[in-house]
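What follows is a short report on a single structure.
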Amino acid sequence: MAPLRESRDAYVRRAEGVTYVCPWETRLRSWLAFDRFRAGMSEQLAEMFVPPRVAEQADGAFDRWKRHNSTLSPHILSSTWQVPLAWFVPFIAKERWLVLGGHDENAGGGPTTATPVRTLIYVTPMAQARRRVARALAAVRRHAEDGFDLDEVESVGRWLEEFHPHSLVELDYGGLVHILDDAALRADESVAEVAAAITGMETGEPELAIAMHKRVVSRWRVVRALESAN
């Protein structure tokens, strides 16, 4: 359940002389995750995981928190076993940073850290992220039949509007990099494929849009299947 006190920790990034701070907000994110967990199953099944008394205590604490806070939008969104397709929309392929075992794949190799690091992230300025989402929304609204979930893209757009216009937006594969091998991570072009699908919708090329959408969906279907593997 949610910790008794909010975390004072944060992710910190320094770029071009500017320090960016992203608070963890562990308590808020725990409550939101608990709500999503219960929403995904029946009440009877949820009670097998969390006793009603404990759930009531969590709900009461969350209700008290909400009376003193104006927004439920955390600085960090999280997803298990997949990256939702709409989360790729704010980025472009050249903003990817892939590091495997301490070697920066984007800088031509060579150790970048003293200890092994494994990560795949995308980082972009907020202004760019908002423009790309707006562009995608216009295309998806006209061509919803090409597979993209309009509600998900709209949700990303609303979330981005909550933050300072000069902030950064980051997509971090997190723990997913530990269940995918090096070849799979190098071959992951989900951002480029989503961008190509949107371009296909804009230029009246439905075959391109559908093909790119199917390709990225197929890749993440394989990853999601790992959740039920034994």
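The values are calculated or read from the model by the stated rules, or taken from the named source; none is laboratory data. This is a predicted model, so every value here is computed, not measured. Neighbour counts are summed over all protein chains in view; Cβ atoms, including those assigned to glycine, are modelled from backbone coordinates with ideal geometry. The protein model used for the area step is the full one, side chains on, heavy atoms only, and it has no ligands, DNA or RNA in it. Shrake-Rupley method; radii C 1.70, N 1.55, O 1.52, S 1.80 Å.
Side notes on the structure shown:
- Ranking by accessible area, most exposed first, for Arg215, Arg53 with a 1.4 Å probe: Arg53, Arg215
- Simple spin-label estimate for Leu208 and Ala61 in nanometres, 7 Å along Cα-Cβ: 5.1
- Structural descriptor for segment 82-211: relative contact order 30 percent, calculated from alpha carbon pairs under 8 angstrom and at least 6 residues apart.
- ³J(HN,Hα), Karplus 6.51/-1.76/1.60, whole Hz, each residue of segment 168-179, x for Gly, Pro: 10, 10, 10, 10, 10, 5, x, x, 4, 5, 8, 10
- Residue-wise HN-Hα coupling along segment 132-145, computed from phi with Karplus coefficients 6.51, -1.76, 1.60 (Hz; x: Gly, Pro): 5, 5, 4, 4, 5, 4, 4, 5, 5, 4, 7, 9, 4, 6
- For segment 118-190, the relative contact order works out to 52 percent when only alpha carbon pairs closer than 8 Å and six or more residues apart are counted.
- Using every pair of distinct Cα positions in segment 81-211, the Kirkwood expression returns a hydrodynamic radius of 15.8 angstrom.
- A simple packing score, the average count of other Cβ atoms within 10 Å per residue, orders the peptides 193-202, 123-132, 174-183 as 193-202, 123-132, 174-183, with the highest score first.
- P(r) tail for the chain: Cα pairs beyond 30 Å make up 34% of the total.
- Spin-label model distance (nm) - Ser42 vs Glu154, 7 Å beyond Cα toward Cβ: 3.1
- Karplus 3J(HN,Hα) series, Hz, for segment 63-72 with 6.51 cos²θ - 1.76 cosθ + 1.60 (x for Gly, Pro): 4, 5, 4, 5, 5, 10, 9, 8, 9, 10
- Theoretical ellipticity at 222 nm over the chain - DSSP helices of four or more residues, -39500 (n - 2.57) apiece, nearest 500: -14000 deg cm²/dmol
- Under a 5 Å amide H cut-off, with hydrogens placed 1.01 Å from N, Tyr11 pairs with Cys22, Trp24 among residues at least 5 apart or on other chains.
- Note on Lys94/Ser73: beta-carbon distance plugged into 1/(1 + (r/R0)^6) with R0 of 30 Å gives a FRET efficiency of 0.60.
- Relative contact order of the chain, pairs being alpha-carbon contacts under 8 Å that are 6 or more residues apart, as %: 18
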